[in-house]
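The structure appears below as structure tokens.
The values are calculated or read from the model by the stated rules, or taken from the named source; none is laboratory data. Bear in mind that the values here come from a model prediction, so they are computed numbers and not experimental data. Cβ coordinates were reconstructed from backbone atoms using ideal geometry, including for glycine residues, and neighbour counts include every protein chain displayed. Side chains are part of the model used for accessible areas, which takes the heavy atoms of the whole protein and leaves out ligands, DNA and RNA. Shrake-Rupley method; radii C 1.70, N 1.55, O 1.52, S 1.80 Å.
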Amino acid sequence: MRKYLARRVVQAVLVLWAAYTLSFLLLSALPGNAIENRIHAPDSGLTPQDGQVLLHYYGLDKPVWEQYLHALGRALHGELGLSLTSVQPVTSLIGYALPSTLRLTGLALVAGIVLAGTVAILINYAPGAWLRGLAAGIPALFASVPTFVVGILVLQYLSFRAHLIPPVDDGSFRALVAPAITLGLVIAAPLAQVFSTSIRTTRKQPFVHVLHAKGAGEGYIFRKDVFRNSSLPVLTLLGLAFGELIAGSVVTEAVYARAGVGKLVVDAVTNQDLPVVQGVVVLSAVAYVVVNLVVDLAYPFIDPRILVGRNGAANSKGTWPAGRWRGPRRRGQAQPQGLPPEDVVVP
Amino acid sequence: MTQLIGPDLSPEGAAAGAPSTAGSFPAGLGKRLLAALRWLAGHLTLVIAIAIVALVLLWAFFPGLFTSQNPTAVNPAEHFLPPSAEHWFGTDEFGRDLYTRVVYGSRTSLTGAAVAVAVAVVVGSALGSVAGWFGGFADSLIGRVIDVVLSIPGFLFAITIVALLGFGIFQSALAVGLTSSATFARLIRSEVLMASTSNYVEAATTSGARTFAILRRHVIPNSIAPTFSLVTVQFGIAIIWIASLSFLGLGAQPPKPEWGLLVSDGRDFIASRSWLAIWPGLTVVAVVLSINHISRHISRGRSS
């Protein structure tokens, strides 16, 4: 267990380091240093003193590798640079914006899971073939409607015509619901697709036939057996979904005119405030890595077979299987590696 | 397999879709016509989807055929007219005809999406074939870079590239293309890996062909085919992403008509003049739905 955990943590740190380095290369090391150009731009709105502070902070007179080591050292101390417009630390700018976005993405995650689960169950269990066929089209519909169009329609019909929700963010829970559902749709499409495929595969397995033969009802089998057996691929996808939620909040916050990390990004890009953009990218990479680590460690709690060795014998030492980790992908419904299932539209 | 609306995968439809008369004696004209009609009825949603895509492509190539008005001509006397027989989608705050702007906007949006997919295919297959063919260090280096790119949410990565390149439809198309090239690189890599162990590549090697010639003549053409359904899916995604970037003000710049930009302009008047945002928005939905439906049909054809 400890060995496996250590290896996964080292891997996670490496991915983070690579993501940080990639974003540094993109933003700082390209010909014609983007940060320097921005500071010297006539419309930067910076006082000469601010300019000096920034030039000194980023050490722009030094060679690139020295700037990089400097920036990396700061990143290890939790510093992500200074904003080029307000000369405030990027971390505190993100800190101000984060709570609102976390509320939005948190509720969106719940909304997305509930929606996806409902659709997946409808696809497999709805009475009547036509209803199942109709439900089968829903994930494709979700994936084809851009977030900003959903937002526009919701604002128009639920807010201005039906007066169900406030049109601006007044901090209330009611104002959060519509944006969260809008954002939840982004992840609901691939989740529903994967979950319904997984349910279908599970229902074809012999143990389900045995349960049927013993007289168990469809609902009982789903709750007790099928649900748990088919939720592993969904869990894998959830790890990816969290990053998509952060990216999706950019558009959602713009449509509903909400404050948050998404608005911070759009403002930063509009003002060419590159360190802020980099900060949010690194943050989302952190979220991705941490969520995936948690997901990986959660597998055995859902499917204890993962702790069982390849020969079917229980791992006698009771350790986490360091050398022969059996990820859920390798069991049964093998997917070509690195590819989403064929008809999942990756947002 | 998913489908949009029920009837098109019904057994009758599938049976009628099979070219049952092919190879048999030439049937009568009436019989063939009947078969064609039956195929059309069985694939109604597909036909509609193809018609929508064809219409939008015609809009993009020959906008003058579909509207006689100028997309940027300002006419203050006719501002904020609701949809009518004369102005199908209504007019905006400068009195510009919205339908005309949607028609001309299709050129901007579709060109952007085409550039994005082309960039993704070219960059992705270059990286993927190098990684798959040469293996070793090149493979692990490219593989790690792809892993890192995929660990950053795609849309956020595209925004970062836009922040570097500046705003504009081509910059955002390039950004979207570079972002999705990672997905293509992965697919092409696995295809090239498979092709490189095949008999025909072995035969080419033994007959003395050069590495580059083998890649160009044998490996890449054989690895490209499986990406067709991914290309169509990516085309739909590119339309959405480019429209979203424009909606945020990071893509096409006014007064250029572009679908996402039109929705964003209409967003300001959503309370009282809802048609301004809704019609361009629904256009995007219809086009992307159609493209995704066609793409699912292609991948279904390949897998069955």
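For the pair A:Asn37 and A:Leu141, label points projected 7 Å from Cα toward Cβ lie 4.5 nm apart. Working note: Cα gyration tensor of chain B, eigenvalues times five, square-rooted, sorted largest first, giving semi-axes of 39, 31, 15 Å. Site pair A:Arg305 and B:Ala203 shows an inter-label distance of 4.2 nm when each label is modelled 7 Å from Cα along Cα→Cβ. Rounded to the nearest 10 degrees, the inclination of helix B:29-42 to the longest alpha-carbon principal axis of chain B is 80 degrees. In this calculation the C-beta distance from B:Ala271 to B:Trp88 is compared with R0 = 30 Å, giving a FRET efficiency of 0.85.
For the residues A:Asp61, A:Asp303, A:Asp225, a GNM of chain A with alpha-carbon springs under 10 Å puts the largest fluctuation on A:Asp61.
Positive end of the dipole of chain B (Cβ unit charges, origin at the Cα centre): among B:Thr72, B:Thr206, B:Val231, the Cα lying farthest that way belongs to B:Thr206.
Could you work out the helix-only [θ] at 222 nm for the protein assembly as shown, with each DSSP H run of four or more residues adding -39,500 (n - 2.57) and the total divided by the number of residues, to the nearest 500 deg cm²/dmol?
After summing the helix terms and dividing by the residues of the protein assembly as shown, the value is -22000 deg cm²/dmol.
Looking at region A:91-271, the accessible area is 42 square angstrom per residue; that uses a 1.4 Å probe and ignores ligands, DNA and RNA. Among residues other than B:Ala182 with Cβ under 13 Å from its Cβ, the summed charge is +2 (Lys and Arg +1, Asp and Glu -1). Between 0 and 90 degrees, the angle of helix A:261-270 with respect to the longest Cα principal axis of chain A falls at about 40 degrees.
Amide H contacts of B:Thr91: B:Phe80, B:Leu81, B:Leu98, each under 5 Å away and 5 or more positions distant or on a separate chain (H built 1.01 Å from N in the peptide plane; Pro and chain starts excluded). Axis angle, to the nearest 10 degrees, between helix A:2-28 and the longest C-alpha principal axis of chain A: 40 degrees. Inter-chain Cβ neighbour count for A:246-255, averaged per residue, equals 5 (cutoff 10 Å, partner chain atoms only).
Applying 1/(1 + (r/R0)^6) with r as the Cβ-Cβ distance of A:Leu131 and A:Val294 and R0 = 35 angstrom yields a FRET efficiency of 0.45. Could you tell me the center-to-center distance, by alpha carbons, between region B:139-162 and region A:161-197 in angstrom? Each part's Cα centre sits 28 Å from the other's.
For the protein assembly as shown, the residue among A:Ala143, B:Ser109, B:Leu33 whose Cα projects farthest onto the positive side of the dipole built from Cβ charges is B:Leu33.
Hey, what does the equivalent ellipsoid look like for region A:24-168, semi-axes from the Cα gyration tensor as sqrt of 5 times each eigenvalue, largest first, whole Å? Write down the numbers at each step before the final one.
Values: eigenvalues 460, 81, 45 Å².
That gives 48, 20, 15 Å for the three semi-axes.
Here the dipole of region A:148-249 is about 560 debye; that uses its Cα centre as origin and unit charges on the Cβ of Lys and Arg (positive) and Asp and Glu (negative).
Reducing region A:239-263 and region B:67-86 to their Cα centroids gives an inter-centroid distance of 35 Å.
Between B:Gln69 and B:Phe170, residue separation times 0.36 nm minus the direct Cα-Cα distance comes to 33.8 nm.
Eigen-decomposition of the gyration tensor built on the alpha-carbon atoms of region B:111-172 gives equivalent ellipsoid semi-axes of 25, 15, 8 angstrom, largest listed first.
Excluding ligands, DNA and RNA and using a 1.4 Å probe, chains A and B jointly bury around 4500 Å² of accessible surface, summed across both partners. Divide the volume of the convex hull around the Cα atoms of region A:91-271 by the residue count and you get 135 Å³ per residue. Relative to the globular-protein estimate of 2.2 N^0.38 Å, the Cα radius of gyration of chain A stands at 1.18.
When Rg and the Kirkwood radius Rh are both evaluated on Cα atoms of the protein assembly as shown, their ratio Rg/Rh stands at 0.98. Given R0 = 51 Å, the distance between the Cβ atoms of B:Phe212 and A:Ser172 translates into a calculated FRET efficiency of 0.20. What is the Cα centroid distance between region B:252-279 and region A:35-110, reported in whole angstrom? The two parts, judged by their Cα centres, are 33 Å apart.
Around the Cα centre of chain A, unit charges on the Cβ atoms of Lys, Arg, Asp and Glu (plus for the first two, minus for the last two) sum to a dipole of about 2200 debye.
With all protein chains present, how much of the accessible area of the protein assembly as shown (probe radius 1.4 Å) comes from carbon and sulfur, to the nearest whole percent? In the protein assembly as shown, the share of accessible area belonging to carbon and sulfur is 67 percent. Per residue of peptide A:132-140, the mean number of Cβ atoms on other chains within 10 Å of the residue Cβ is 5. Note on the protein assembly as shown: dipole from Cβ charges, positive end direction compared against B:Ala163, B:Val130, B:Ser246; the farthest Cα belongs to B:Val130.
Mean partner shielding of peptide B:187-198, defined as the number of other chain Cβ atoms within 10 Å of each residue Cβ, is 1. For the pair A:Arg223 and A:His77, label points projected 7 Å from Cα toward Cβ lie 5.7 nm apart.
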